[in-house]
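First comes the structure, then the notes that go with it.
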């Protein structure tokens with residue numbers, strides 16, 4: 001991989017370009033939505049991997065400081081990557097993505113009062 | 001669905017999968033439970049998409065998965081353990097393992113329990129470390145090996161331990177760019193380990209090959225340096241590093257990057273042992289707090305056994321051996337293996353385990369806890385990511401009298417969030433240690449169910465109010 005192609009790919013995608021063209025094309029593609037926006041995914045993707053590869057930099061906001069969070073530990077431990085899928089909260093880093101999935105941010109805001117379950 | 005077994009094994013990584021095969025072969029009814037959809041644990045995590053001709057990275061994992069499939073052990077994949085209840089009649093024990101998975105609530109009962117839940121990554125917070133784009137070193141290996149996704153287009157790889165070189169190698173192999181490799185260990189720390197590393201010439205050679213590859217790609221390597229800050233508006237834009245030394249930092253260096261892979265070694269996941277009341281000891285060379293084990297993998301709780309890195313870091317090569325040892329001991333304790341046969345097999349294992357552990361213990365040493373790394377972090381640094389608790393709030397609580405980690409938890413909420421203290425526990429304890437409190441006194445967070453977040457709907461499921469038996473009201 002020469003540096004120029006790395007630079008170009010970096011602007012568009014974080015997916016590793018497969019060296020085996022047959023296997024790369026063998027991996028099917030599909031899409032799901034994140035907060036209503038379409039996200040491209042490949043067979044076998046977890047929701048988190050697909051979001052990360054698409055350049056999504058904020059899965060949710062933290063409850064107290066309201067700062068953006070995304071995948072951190074990638075093994076279902078830290079709970080930073082949680083999303084709501086068809087109404088159910090799960091860790092996106094180890095939940096498989098599926099065609100047509102309706103994925104939403106799961107964000108709690110805590111201000112002077114307490115507001116729960118605001119989505120953005 | 002409840003079922004009854006002789007042995008239940010938590011975790012289908014290298015230790016758990018091997019324990020399952022051995023237990024089943026000895027005639028014990030065995031169930032092995034893992035939250036992942038395939039066996040292999042974290043170190044041999046199955047790839048997302050199949051590569052037809054097989055991938056060198058996945059050969060060992062594939063062999064493990066095939067061997068488990070061929071054994072008589074029942075493998076319950078995709079099930080998260082959220083509670084374990086133990087009852088005992090004084091002679092034997094009964095473990096009631098509650099799980100949640102695609103089929104909803106399940107339970108499994110067993111007369112003995114082998115815990116093989118592995119280790120998690122150790123993190124020391126820095127200002128800005130919660131920015132999207134910062135992931136763990138193990139996280140990077142998972143993204144790259146399992147999902148074939150790069151952490152970023154220009155990645156800083158920083159922290160401590162053998163995962164640094166692996167992550168840099170995987171990024172280079174994937175055609176990505178490593179902005180810098182930043183290792184808190186100076187070179188002489190690695191050199192001191194080389195005699196033990198020579199116990200595995202194949203792994204040592206592989207590590208050396210990675211160093212050459214890193215040099216060949218002109219990746220700047222900073223040894224004896226650490227990350228001081230991560231900068232960016234809404235995601236990583238730059239990483240500041242500085243040299244570590246006793247007098248004070250040298251002038252910091254700014255590295256442009258859109259991702260930071262950061263981790264400082266592995267630490268055993270002890271929540272199940274804690275939940276069941278096993279005694280623990282703080283052994284930094286084994287990764288920190290570990291359950292006390294006898295030389296046959298028994299914990300201080302009868303019929304509860306430990307195996308793999310979760311019982312003390314010994315490395316991936318030693319894991320199947322401790323798994324085997326735990327299964328043999330469980331079989332012997334349950335009366336399914338005669339004493340002389342047990343001794344024969346156990347003695348044979350002992351020598352192999354000592355040899356297999358040499359490399360792993362060297363890695364555990366360089367990836368040991370380094371509490372001093374949080375000493376100078378700014379008060380505004382978030383330590384508990386779940387609840388956004390800062391270093392300043394923790395220091396204030398300690399100054400006001402919090403003497404152990406549970407007192408700290410009550411005072412600040414640190415450790416009360418969804419991760420259950422798994423991410424912040426080490427950093428919080430290190431801050432307390434920097435205040436002069438001994439680690440044994442600091443202790444560990446009390447483990448309570450649920451072990452993993454579980455929804456109320458999962459637990460209660462569907463019921464009719466008419467199902468609830470109501471007593472007759474008292475007469476007026």
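The values are calculated or read from the model by the stated rules, or taken from the named source; none is laboratory data. Computed from a predicted structure; not experimentally measured. All Cβ positions, even for glycine, are placed from backbone atoms using ideal geometry, and neighbour counts span all protein chains on display.
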Hey, residue B:132 in contact with a strand residue (DSSP E or B) (Cβ under 8 Å, 6 or more places away or on another chain), surrounded by 22 or more Cβ atoms within 10 Å (Cβ to Cβ) and more than 28 Å from residue B:450 (Cα to Cα) or not: no
Filter pass, residue B:421 being outside the structural domain of residue B:96 (by TED's automatic domain parsing), within 29 Å of residue B:185 (Cα to Cα) and surrounded by 12 or more Cβ atoms within 10 Å (Cβ to Cβ): yes
Residues (closer than 30 Å to residue B:104 by Cα, touching a residue at least 40 places away in the same chain (Cβ under 8 Å) and buried (at least 19 other Cβ atoms within 10 Å of the Cβ)) located in region B:432-454: B:445, B:451, B:452
Qualifying residues in region A:67-91 (those that are more than 7 Å from every other protein chain (Cβ to nearest Cβ) and in a loop (DSSP other than H, G, I, E, B)) - the one surrounded by the most Cβ atoms within 10 Å (Cβ to Cβ): A:81
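Okay, residues lined up against (1) modelled with pLDDT under 95; (2) in contact with a strand residue (DSSP E or B) (Cβ under 8 Å, 6 or more places away or on another chain); (3) surrounded by 19 or more Cβ atoms within 10 Å (Cβ to Cβ); (4) outside the structural domain of residue B:359 (by TED's automatic domain parsing):
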site: B:202; (1), (2), (3), (4): yes, no, no, yes
site: B:214; (1), (2), (3), (4): no, yes, yes, yes
site: B:225; (1), (2), (3), (4): no, yes, yes, yes
site: B:231; (1), (2), (3), (4): no, yes, no, yes
site: B:291; (1), (2), (3), (4): no, yes, yes, no
site: B:297; (1), (2), (3), (4): no, yes, yes, no
site: B:300; (1), (2), (3), (4): no, yes, no, no
Residue count, region A:92-120 (criterion: assigned to a loop (DSSP other than H, G, I, E, B), modelled with pLDDT of 50 or more and on the phi < 0 side of the Ramachandran plot): 8
So residue B:440, is it more than 25 Å from residue A:75 (Cβ to Cβ) and within 22 Å of the chain's Cα centre (by Cα): yes
Residues (in contact with a helix residue (DSSP H, G or I) (Cβ under 7 Å, 6 or more places away or on another chain) and not in a loop (DSSP other than H, G, I, E, B)) located in region B:393-424: B:393, B:394, B:395, B:397, B:398, B:405, B:408, B:411, B:412
From B:100, B:172, B:191, residue being surrounded by fewer than 24 Cβ atoms within 10 Å (Cβ to Cβ), free of Cβ contacts under 8 Å to residues at least 60 places away in the same chain, within 14 Å of chain A (Cβ to nearest Cβ) and not in a loop (DSSP other than H, G, I, E, B): B:172
Residues that are in a helix (DSSP H, G or I) and free of Cβ contacts under 8 Å to residues at least 12 places away in the same chain, drawn from region B:459-473: B:460, B:465, B:466, B:467
Members of region B:142-164 found to be outside any strand (DSSP E or B) and away from chain A (no Cβ under 14 Å), listed by number: B:161, B:162, B:164
Checking residue B:245 against (1) in contact with a strand residue (DSSP E or B) (Cβ under 9 Å, 6 or more places away or on another chain); (2) over 27 Å from residue A:70 (Cβ atoms), the condition it does not meet: (1)
Single residue of region B:64-86 satisfying the filter (crowded, with 21+ Cβ neighbours inside 10 Å and assigned to a helix (DSSP H, G or I)) that is nearest to the chain's Cα centre (by Cα): B:64
